[in-house]
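Some notes on the structure that comes next.
The values are calculated or read from the model by the stated rules, or taken from the named source; none is laboratory data. Quantities reported herein were computed from a predicted structural model and do not represent experimental measurements. Here Cβ is always computed from backbone atoms with ideal geometry, including for glycine, and neighbour counts include all displayed protein chains.
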Ligand SMILES: NC(=O)c1ccc[n+]([C@@H]2O[C@H](COP(=O)([O-])OP(=O)(O)OC[C@H]3O[C@@H](n4cnc5c(N)ncnc54)[C@H](OP(=O)(O)O)[C@@H]3O)[C@@H](O)[C@H]2O)c1
């Protein structure tokens, strides 16, 4: 067993439940002492902390798919780290692992936590940051959401909202690999150009332009077969109007309402769903826990071959996590938003 020289940890504890956007006052940033490892335990140094819209959901005491983070608890968060010390034969010192590392510099784990610790492969052409995004949880979400929930058929039209974000940018590219017409909705000319010029989307709609509804009509002349919904609100309402018979709405997220007290921002009548026989299906990526290896293998392969491009917005320093999280809500990120906590 190698001995770490590190004895101190820094971490964020949730102090109060945010109202609206998160502020640093919602957390205590504290220093703690790293205890000695017990049997089967490993000490992991966080390298990348994944910032996800769901972090904001976890901070609220509302009905959700996991218990909310308790006041006083270390903030929950996914991440990638390196094993610094190990009493567990499954993890060697130097291995890179992913798991629920939390908003902290170091974590002690056994690998048998409810969200398991996974040893990451070393693959040429696939940087560690991509394993935290495009080939990690956000990539799996895109993969299963589109291919399983969306059930795409060649030639169909797919519309994806928050298209220049972590999940959306991968959804669109998987859509192209499956022969779909892909239309992305994103905020700003720069993001829309990226979708078309670099990621190969067929069209992009800039929802920050007053003419965006018209742009959506022009981009979807044959209607919409699959809505990969990441946003909700007015964007979803407009897409909903253009759904085709037997269309599928993949309800992945409703980011427009995560800082609100409820989701009343999205107003959809049910009559169109009846008349057009739509299937509206919510899903949470944890539903696919047992199949994640299949998705990782596919995504890693596509990334290494250059068939899927990935981008990360990386902010240095764990201490910046609360403020950086708000980039997800003001469009400040393109691709996957990561905090670089320490050097790989
Ligand atoms: N179901 C699941 O298991 C699962 C798993 C992962 C993620 N998700 C969901 O997937 C969605 C995307 O997550 P992500 O991690 O990939 O985040 P992301 O798309 O990288 O970041 C969020 C993006 O959403 C857009 N946005 C934020 N507020 C908006 C608003 N009010 N109206 C329109 N656009 C808005 C912004 O882009 P613009 O600049 O374009 O506005 C922002 O960059 C979220 O809803 C998330 O909750 C679900």
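Can you name the helices (runs of 4 or more DSSP H) wholly within region 218-326 that have at least 3 residues being within 16 Å of the chain's Cα centre (by Cα) and assigned by TED's automatic domain parsing to the domain that holds residue 165?
Helices (runs of 4 or more DSSP H) meeting the threshold: none at all.
Is it the case, given these coordinates, that residue 266 is within 16 Å of the ligand (Cβ to nearest atom), farther than 18 Å from residue 65 by Cα and surrounded by fewer than 22 Cβ atoms within 10 Å (Cβ to Cβ)?
Yes: the conditions hold for residue 266.
Considering region 305-333 alone, what residues qualify as being away from the ligand (no atom under 16 Å from the Cβ) and more than 21 Å from residue 13 (Cα to Cα)? Once the filter is applied, which keeps residues that are away from the ligand (no atom under 16 Å from the Cβ) and more than 21 Å from residue 13 (Cα to Cα), region 305-333 yields 305, 306, 307.
Filtered by the rule that a residue be surrounded by fewer than 14 Cβ atoms within 10 Å (Cβ to Cβ) and either near the ligand (Cβ under 10 Å from one of its atoms) or part of a loop (DSSP other than H, G, I, E, B) (or both), region 190-214 gives 190, 208, 210, 211. Candidates in region 155-177 are the residues that are touching a strand residue (DSSP E or B) at 6+ places or on another chain (Cβ under 9 Å) and away from the ligand (no atom under 16 Å from the Cβ); of these, the one that is nearest to residue 228 (Cα to Cα) is 157. Figure legend. Inter-residue proximity from region 82-100: first residues without any contact (Cβ under 8 Å) to a residue 40 or more places away in the chain, second residues part of a strand (DSSP E or B), beta-carbon distance below 6 Å, spacing 6+ or different chains. Indicated pairs: 95/83; 95/119; 98/80; 98/118. Being more than 16 Å from the ligand (Cβ to nearest atom) and closer than 13 Å to residue 107 by Cα narrows it down to one residue among 49, 43; which is it? Going through 49, 43 in turn, the sole match is 43. Only one of the numbered conditions (1) in contact with a helix residue (DSSP H, G or I) (Cβ under 8 Å, 6 or more places away or on another chain); (2) surrounded by 17 or more Cβ atoms within 10 Å (Cβ to Cβ) is violated by residue 125, and that is (2).
When 107, 93, 30 are checked against the criterion of being touching a strand residue (DSSP E or B) at 6+ places or on another chain (Cβ under 7 Å) and part of a loop (DSSP other than H, G, I, E, B), a single residue qualifies: 93.
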